[in-house]
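Values quoted throughout were computed directly from the atomic coordinates according to the rules given, and no laboratory measurement underlies them. If you're wondering where the values come from, they're calculated on a predicted model, not measured in any experiment. With ideal geometry, Cβ positions are generated from the backbone for all residues, glycine too; neighbour counts draw on all protein chains shown.
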Amino acid sequence: MDDLELIFSMLGEASTTRIAKDKDAQGFIENKEAAKEGGTVAGVARRELELRSVRKVSTQENFLSEPEKKKKLENKK
């Protein structure tokens, strides 16, 4: 995950937390709705950046084809 992916993930999480607290979300359904709204906030921000910068935030270059844990185990051998 690069810096921007991490930032947008954090924005989604922080937005979800604030929305849930402000709406006093109780139970699964209300928190699920808050999570969708928080994800929408981050998604809109990501798409806006992609439009203005003409580059994608998430690309195949950011994707690990092999999990880090597996790599570390192989390097120990």
With the dipole of the stretch 16-57 defined by +1 on each Lys or Arg Cβ and -1 on each Asp or Glu Cβ, the option from 27, 40, 51 whose Cα lies farthest towards the positive pole is 51
Expressed in µm² per second, the diffusion coefficient of the stretch 1-59 from the Stokes-Einstein equation, with Rh the Kirkwood radius over alpha carbon pairs, at 4 °C and 1.567 mPa s, is 108
For the chain, the longest principal axis of the Cα atoms and the Cα long axis of helix 3-22 enclose an angle in degrees, to the nearest 10, of 30
